[in-house]
């Protein structure tokens, strides 16, 4: 369903499990950034009703996810750490085309968000299957389902503003670029991406 060209290195789950407080902190900030990204799209494109209507509930959902992860952090006796630089997301942002019509730039943002959600979904799936902690397995299974829906939503929105063939080709460009990103970013157990 996600059509990612490269699976996450299986060692990532083992590293993540050893750094669960760090993974939870990074996950919390990923949810916060997802909410912020949707708010930004609404603010920049308030005249595009499909964007406003589709993303407004996603803002609430992502912020709810932030709260859920924060609660889990505190329930485990951890503290919310400081936000960290996300090399993966920054690389995707650098790949975006920033010139062209307003809708062209929007589609780039939507595809970036779609890929982040797809990769998060894939990582949450791994955590839901491979973690030893049975509670966290269920916890991450619910996030996996949500991220899959967000991925689809961003793809569907992109196809409203550009024709399907363009969006599909540009999506392939993003997927190919993501493979290159993972060749340069070392596997880390304290990051979701």
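If residue 105 meets every condition in (1) farther than 20 Å from residue 47 by Cα; (2) free of Cβ contacts under 8 Å to residues at least 24 places away in the same chain apart from one, which number is that one?
Condition (1) is where residue 105 drops out.
Of the residues 94, 113, which is free of Cβ contacts under 8 Å to residues at least 40 places away in the same chain and assigned to a helix (DSSP H, G or I)? If you could, list the steps in order and put the result at the bottom.
Details: 113 fails: free of Cβ contacts under 8 Å to residues at least 40 places away in the same chain.
Residue meeting the stated conditions: 94.
Counting only residues that are under 16 Å from the mean Cα position of the chain (by Cα) and farther than 27 Å from residue 63 by Cβ, which one in segment 6-33 is surrounded by the most Cβ atoms within 10 Å (Cβ to Cβ)?
Taking segment 6-33 and keeping what is under 16 Å from the mean Cα position of the chain (by Cα), we get 6-8, 23-33.
Narrowing further to those that are farther than 27 Å from residue 63 by Cβ: 6-7.
Numbers: 6: 15, 7: 11.
Filtering segment 6-33 for residues that are under 16 Å from the mean Cα position of the chain (by Cα) and farther than 27 Å from residue 63 by Cβ, the one surrounded by the most Cβ atoms within 10 Å (Cβ to Cβ) comes out as 6.
Mind checking which helices (runs of 4 or more DSSP H) fall wholly inside segment 1-89 and carry at least 1 residues that are in contact with a strand residue (DSSP E or B) (Cβ under 8 Å, 6 or more places away or on another chain) and closer than 19 Å to residue 123 by Cβ? Give the derivation first.
On the way: elements: 11-18, 20-44, 49-75.
So the answer is none; nothing clears 1.
Which numbered condition in (1) touching a helix residue (DSSP H, G or I) at 6+ places or on another chain (Cβ under 9 Å); (2) outside any loop (DSSP other than H, G, I, E, B); (3) touching a residue at least 12 places away in the same chain (Cβ under 8 Å); (4) farther than 16 Å from residue 30 by Cα is the only one that residue 140 fails?
Condition (4) is where residue 140 drops out.
Every number here is computed from the coordinates shown, using simple stated rules; none is lab data. Treat the numbers as computed from the prediction; the structure is a model and nothing was measured. Don't worry about glycine lacking a Cβ; one is built from the backbone with ideal geometry, like all the others, and counts go over all protein chains shown.
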